[in-house]
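Okay, structure first, notes after.
The values are calculated or read from the model by the stated rules, or taken from the named source; none is laboratory data. Only a predicted model underlies this, so the values are computations on that prediction, with no experimental measurement involved. Here the Cβ positions follow ideal geometry from the backbone for every residue, glycine too, while neighbour counts run over all protein chains shown.
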2 protein chains.
Amino acid sequence: MMKPGRLEEGDASKIPVPAGSNKGISVMDLILRLVGVTGTLGAAIAMGTNEQTLPFFTRFVRFDAQYDDFRSFRLFVVVNAIVCAYFVLTIPLSIVHIMRSVARGTRILLIILDTVMLALLTAGASAAASIVYLAHNGNSSTNWLPVCQQYGDFCQGASGSLIGSFGAIVVFILVILLGAVALSRQSKLRL
Amino acid sequence: MMKPGRLEEGDASKIPVPAGSNKGISVMDLILRLVGVTGTLGAAIAMGTNEQTLPFFTRFVRFDAQYDDFRSFRLFVVVNAIVCAYFVLTIPLSIVHIMRSVARGTRILLIILDTVMLALLTAGASAAASIVYLAHNGNSSTNWLPVCQQYGDFCQGASGSLIGSFGAIVVFILVILLGAVALSRQSKLRL
């Protein structure tokens, strides 16, 4: 479709890009990434320091629970730490996008990496969530008793640290969406 | 950058797109989606029919295990069924992409939907995986005993059905990657 008065394509990099079009998206991207850093860092610390020792003990057994006892919780801490580092590493790239809103290759790269990290974080968070659910409710057919009556603080700590992680999942979905919107706007600007 | 002998942009839709450039990607996309249908359907059926009754029983208790007893397994079945339906629904779109390799909006839409579904499937699969791990190994600090000694067939069925689901996760990652590659190639063709 040829519209009248259309710019030639070679000028695309010369014309002033409409202010605020992709800049606003990039700023929001940066803010979301900062939220993601906070969420995953909080989740990793909250789970990593989660520990409870019961005030009674027998001669042979001391009753304590810590996140290390559950593989899924250990995975959770590791995954959150990785994703937190990833967020920190992508913040410079996000700042570059604010200044150069025509960047294309790095946006696509960021979308792909975000997707991989989203999958990783979702895996860690939901594995931990299923254990937290089991700790709260137990399972009668396998005779796994709910342990939250005894380890109340431990359970609360574990449940709380899930919040930060699921917040970061929402951040990832928004960030990927923003990236796709920015890409499709760019192509409209150029075509 | 202006290169000599460059086509004007208005001709972009008229020039014959180099054959096989995005067509090959779209064909691979279709094949991967078919693999995904098989994987998730197999996983949902294998888990949904998973049940074991032990050959002994007392007067009051019959020992049986089925996927319904675990919330995470129920989630697993539901999620796999949803993702399987999603794969089936996107196959026509994938065929359209084979015929019209310049389609742009539908590709972006597909990438976003794929990302959401990837997150959903990863959540379901890893929640189930953490329960399967617990069933195999138990947890000493909460006194959850491993139940796979008694319910051997049940455990094997559950473990097996995870394979289909994790296969579909790989399919999603590949499909999203292919979509991003196709999009970036399109923009190169047009610029």
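For the range B:127-144, give me the residue count where each residue is touching a strand residue (DSSP E or B) at 6+ places or on another chain (Cβ under 6 Å) and either more than 7 Å from chain A (Cβ to nearest Cβ) or assigned to a helix (DSSP H, G or I) (or both).
Initially, the range B:127-144 is screened for residues touching a strand residue (DSSP E or B) at 6+ places or on another chain (Cβ under 6 Å), giving B:138, B:141, B:144.
The next check asks that each one be either more than 7 Å from chain A (Cβ to nearest Cβ) or assigned to a helix (DSSP H, G or I) (or both); those that pass are B:138.
Here the count works out to 1.
Search the range A:89-112 for residues that are away from every other protein chain (no Cβ under 13 Å) and pair each with any residue that is among the aromatic types (Phe, Trp, Tyr) when their beta-carbon atoms are under 6 Å apart and the residues are at least 6 apart or on different chains.
Final answer for the pair search is none.
Looking at B:Val78, B:Val88, B:Val37 in this structure, which one is closer than 30 Å to A:Pro146 by Cβ, among the β-branched types (Val, Ile, Thr), modelled with pLDDT of 90 or more and part of a helix (DSSP H, G or I)?
Details: B:Val88 fails: closer than 30 Å to A:Pro146 by Cβ; B:Val37 fails: closer than 30 Å to A:Pro146 by Cβ.
Going through B:Val78, B:Val88, B:Val37 in turn, the sole match is B:Val78.
How about the range B:155-176: which of its residues are more than 17 Å from B:Ala127 (Cα to Cα) and either at pLDDT below 85 or not aliphatic (A, V, I, L, M) (or both)?
Listed by number, the list holds a single entry, B:Phe172.
Sort through B:Gly124, B:Gly152, B:Gly164 and tell me the only one that's in contact with a helix residue (DSSP H, G or I) (Cβ under 7 Å, 6 or more places away or on another chain) and more than 9 Å from chain A (Cβ to nearest Cβ). Give the steps one after another, and end with the answer.
Working: B:Gly124 fails: more than 9 Å from chain A (Cβ to nearest Cβ); B:Gly152 fails: in contact with a helix residue (DSSP H, G or I) (Cβ under 7 Å, 6 or more places away or on another chain).
Just a single option satisfies the conditions, and that option is B:Gly164.
Scanning the range A:101-116 for residues that are over 18 Å from A:Ala168 (Cα atoms) and modelled with pLDDT of 85 or more, which turns out surrounded by the fewest Cβ atoms within 10 Å (Cβ to Cβ)? Write out each step before concluding.
Restricting attention to the range A:101-116, the residues satisfying the condition of being over 18 Å from A:Ala168 (Cα atoms) are A:101-109.
Remaining after also requiring modelled with pLDDT of 85 or more: A:106-107, A:109.
Numbers: A:Thr106: 14, A:Arg107: 24, A:Leu109: 16.
Per the criteria, the residue is A:Thr106.
What is the one condition in (1) touching a strand residue (DSSP E or B) at 6+ places or on another chain (Cβ under 9 Å); (2) within 30 Å of A:Thr53 (Cβ to Cβ) that B:Gly157 does not satisfy?
Among (1) touching a strand residue (DSSP E or B) at 6+ places or on another chain (Cβ under 9 Å); (2) within 30 Å of A:Thr53 (Cβ to Cβ), B:Gly157 violates only (2).
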